[in-house]
1. Go through region A:349-377 and give me each residue that's surrounded by fewer than 20 Cβ atoms within 10 Å (Cβ to Cβ), within 11 Å of chain B (Cβ to nearest Cβ) and of a type in the set (S, T, N, Q).
2. For region B:263-290, which residues satisfy the criterion of being part of a helix (DSSP H, G or I), within 17 Å of B:Ser231 (Cα to Cα) and hydrophobic (A, V, I, L, M, F, W, C)?
3. Could you run through region B:11-25 and say how many residues are outside any loop (DSSP other than H, G, I, E, B), surrounded by 24 or more Cβ atoms within 10 Å (Cβ to Cβ) and touching a residue at least 60 places away in the same chain (Cβ under 8 Å)?
4. Consider only pairs whose beta carbons are under 8 Å apart and that are at least six residues apart or on different chains; among these, list those whose first residue lies in region A:222-244 and is basic (Lys, Arg) and whose second residue is at pLDDT below 95 and open to solvent by less than 20 Å² (accessible area, probe 1.4 Å).
5. Is there a residue being within 14 Å of chain B (Cβ to nearest Cβ), assigned to a loop (DSSP other than H, G, I, E, B), open to solvent by less than 10 Å² (accessible area, probe 1.4 Å) and at negative phi anywhere in region A:384-395?
6. Name the single residue that is farthest from the other protein chains (Cβ to nearest Cβ) among those in region A:428-453 being farther than 30 Å from A:Lys383 by Cβ and among the aliphatic types (A, V, I, L, M).
7. Which pairs turn up if I take residues in region B:513-533 that are open to solvent by 40 Å² or more (accessible area, probe 1.4 Å) and look for partners that are of a type in the set (Val, Ile, Thr) with beta carbon separation below 6 Å, at least 6 apart in sequence or on another chain?
8. Can you pull out every residue in region B:454-507 that is among the charged types (D, E, K, R), more than 9 Å from chain A (Cβ to nearest Cβ) and either surrounded by 20 or more Cβ atoms within 10 Å (Cβ to Cβ) or in a loop (DSSP other than H, G, I, E, B) (or both)?
Protein chains: 2
Amino acid sequence: MAKKQTPLRIIPLGGLDGIGKNMTAFEYGSDMILVDAGLMFPDDEQPGIDLILPDYSYVLENEEKLRGIIITHGHEDHTGALPYVLMDLAKKVPIYSSKLTLGIIEGKLAEHKINSPKFRDVSNGTHINLGAFSIDFFSMTHSIPGALGVYMRTPAGSVMHTGDFKLDQTPIDGVTPNYQAINRFATLGVDLLMSDSTNATRPGFTKSESAVGPAIRHIIKNAKGRVIVASFSSHIHRLQQICDASTAVGRKVVVTGRSMVQNTKIARELGYLKIDPDDIIDGFEVEDIPDDKIVVMCTGSQGEPMSALSRMANGDHKSFTITADDTVIISANPIPGNEKSVQGIINSLSKIGCAVYDKSTTLVHVSGHGSQEELKLMLAMAKPRFFMPVHGEAVHLRAHAKLAQEMGMRADHIFVADNGDTLEMVNGKVGWGRPVESGVVYVDGLSITDANPVVFRDRQKLASDGIVTVVSTVSKRSRAVGNVEISCRGVSFSVDDIANEAQETVRQTLQRMASKEGSNVESLRKSSRNSLSNYLWNKTRTRPMVIPVVMEV
Amino acid sequence: MAKKQTPLRIIPLGGLDGIGKNMTAFEYGSDMILVDAGLMFPDDEQPGIDLILPDYSYVLENEEKLRGIIITHGHEDHTGALPYVLMDLAKKVPIYSSKLTLGIIEGKLAEHKINSPKFRDVSNGTHINLGAFSIDFFSMTHSIPGALGVYMRTPAGSVMHTGDFKLDQTPIDGVTPNYQAINRFATLGVDLLMSDSTNATRPGFTKSESAVGPAIRHIIKNAKGRVIVASFSSHIHRLQQICDASTAVGRKVVVTGRSMVQNTKIARELGYLKIDPDDIIDGFEVEDIPDDKIVVMCTGSQGEPMSALSRMANGDHKSFTITADDTVIISANPIPGNEKSVQGIINSLSKIGCAVYDKSTTLVHVSGHGSQEELKLMLAMAKPRFFMPVHGEAVHLRAHAKLAQEMGMRADHIFVADNGDTLEMVNGKVGWGRPVESGVVYVDGLSITDANPVVFRDRQKLASDGIVTVVSTVSKRSRAVGNVEISCRGVSFSVDDIANEAQETVRQTLQRMASKEGSNVESLRKSSRNSLSNYLWNKTRTRPMVIPVVMEV
């Protein structure tokens, strides 16, 4: 009787339900590795939440198997859960990534007081063994330097994971995707390809990062006063081009915004961002320099209200206030959900009267993710037997699957999965495995909690209708109702207009109830809530949340 | 000594700080007319608000002058404030608009129990006199039929107001912009042009509405199962094209969604929407018809959770549930702020597995507003002496002003205004006038209130941090602190985890305070709030709103 073979389990814990919180576990026998540990930022559906993490219980439950964590690149949707994972793990697990990625992570871990992590610097061409996993790294191009793809072999078969990528033939740092490696791995055999789906609905080929340089340089060259360029602080390629354009026309660069200052510092120390120290100056040095010799490189491309750009536009920035003579370049695209805030900052800048350039009018931004032709090229080069589109919303994963089918791949060789679905590979053949616990956890202050729909419903209700507290006292002995106090927050009516009548309404109801036999605090609470709710609806046609408190005294 | 001449005052009360709530008063001596009375829908910055209206106090204060209200077309950003204005006016003022616009308004007024309004049906070529105002209407093309431009003459000079427009040479109903009228008015003289700025940042010429017909027909023709088309319910041109495409390939049309049912009914009755009664069927008739003979025309193009499309996608619709065999066309663009909800519905549909077409992949939507070339054409035809860009955000108004300057208009002949700024015209010469009261009012339930930043701040605070109520009793005689009750809503920690310790913390603080001489309810309230806030911050690193109530018993 043939012995049951050990499968390679592919366990996506995040990244399949939206752009963000990427995390996949790979498990073979008693060995497990984790690729990426990202977070997602909350939106209106999760009011008041700081961060969203994938539920990584599965990793913790199998901690004894965990041989290492691989981070493909330094964006927060690939690194942001790492502090939480590391704090939850009992032992120190090695983290494998490129120098820049580790540099960025080091700063984040320090904020969480996680010191001396086990960093393992890897790069294009590095080979490592982690338990049963034989792993090769290869360079990829993306909107941050040091992006790596991963090729892993196990006795059950092999997987290629692209990380996030575009196929840029003219990257700013000269580090092109390693096509030779990808094709060599294809020759060795790629049983499963996991490939970035972010732009799977976009036809064509994403423009090279170097396409934006000339536009930025042209604007800076022709600007009369200062030029303020807002971009993503991790987009070192972009920052390099802004610096190059500035120095080429004889301007000095000033950096402002916390993460911009931090990331440019790390990138310069590690040699990823190259600018003559004389050409990059501090805010306080600006006064001696004419406006037409200054470029301000800043955060705030998403219209965040506390960012450097917003503060400069509103006159709240310590060094700069934007005036009609300035030129502003928004060298980024709005992340979905931020469109309105970005439009808001553009309107504020328009009112100031300065010139504003963004993606909609000038080529000052290109995507970091490959479009359909690049995704097809990747499939054509890697020649996988099986395919799993990753990193995207439902629509992107399915569009990517469709591309693979158009290229002749059988539908039953393509796995469009949800987080927590697993694949199992045996002898290089892939099928569905049993699902694992998955989902999201929320970080709010110190607490890390499971999704609690009640809290969000309450918060949305509070935000839309406000809250009214009604406190009453009832004498234990006489059952006489004493004070009734009403206080409101976030309601649209004036409290003074209703207070007396509302108090009297509640008091009368309560007095009727309290005199009845068998009345207790619980029944009195209910009737004070009901009578006040009804009163407010009739009077104001609003339904604020009512918190009734009844004290027996 | 020359007598001071009576000026024509141009008083924009809305429409200059965003797309929405358009409203302009024109005042000459003892006569006033109002052009448009629109609303704006709230966003995240105004949680829980139903509607936003322009502050029209100026109109009410000068009611005795008001000779009539002109509505340029039937969109809510031009009509939606009308019920409120009419309710606030003491006398019945005539409303001038096209038949379709009046039909749509009639339904809205009926919802507000405003009956037998003074409707005056006007159309292309109509001339009316309202006090000192001599007014001509001319047809324009827009994403709703019956759109009118207005040319008005007064002894002080003349104004042309475009309403919202594009210049469509192949409109669906054959009603092109009346270029002859515009040029005739130009010959008579246009002292001030007020022109739609919505698309002033878009280069080129907006595609004709008739460009979307072939794409929609192609999709419907090739669909295997049902086709569901979501669009704006007021976009009768679009609905006509959907109906035409459906009947051309032998499919019946079913209409679902409250406003879609209502608007198609009005438009058919008034002859704006033409479809054979046999070809439009009720939901209950669908069962007898094969899927490939059905087109469902529905609301929900903005991803609204309660709309027909969302309900069909979630299995909550009474007649239809979308399946993998269906085809969905989103024949609309996301209104700014709705991008994420629209993407959400596209993801839901992708998960179902049906084919989804939207603007990003197929020509199933074009804008109803003219792009830069059309705006320049309008300026070139109207040949105004002075120009005021209207209907747009700051960035659009300024872009429109820039276009006019590029065409050779003097900068000091262009007026980029804020709501409440006024212009004064004397002898056809325009200058700034004194500002009037302006702003926004909010409709929330029954109350119509001025902007109250405290309410919004409270609501946002409640949504992000939740609320904790702490109620304590203190004996009037002994000053002993009795019960302390704590209740929480929308907080991220578990109440059970903190209740005992928090109660004890507050009780101790209160007891210390209460025993002091001079302590009163107010000081006790403050100290119970402070002690609880501090406790929660130390324990949970969150800062919920704390409502302290202290009852002396």
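The values are calculated or read from the model by the stated rules, or taken from the named source; none is laboratory data. This one's a predicted model, so the numbers in the text were calculated from it and none came from an experiment. We place every Cβ from the backbone using ideal geometry, glycine too, and count neighbours over all the protein chains shown. Keep in mind that these areas ignore ligands, DNA and RNA; they rest on the heavy atoms of the full protein, side chains included. Shrake-Rupley method; radii C 1.70, N 1.55, O 1.52, S 1.80 Å.
1. A:Ser360, A:Thr361
2. B:Ile266, B:Ala267
3. Residues that pass the stated criteria total 5.
4. What qualifies is A:Arg226/A:Phe320.
5. Within region A:384-395, none of the residues are within 14 Å of chain B (Cβ to nearest Cβ), assigned to a loop (DSSP other than H, G, I, E, B), open to solvent by less than 10 Å² (accessible area, probe 1.4 Å) and at negative phi.
6. Applying the filter and picking the extreme gives A:Val440.
7. From residues that are open to solvent by 40 Å² or more (accessible area, probe 1.4 Å), the pairs are B:Val521/B:Val550; B:Arg525/B:Val550; B:Arg529/B:Val546.
8. Listed by number, the residues that qualify are B:Lys476, B:Arg477, B:Arg479.
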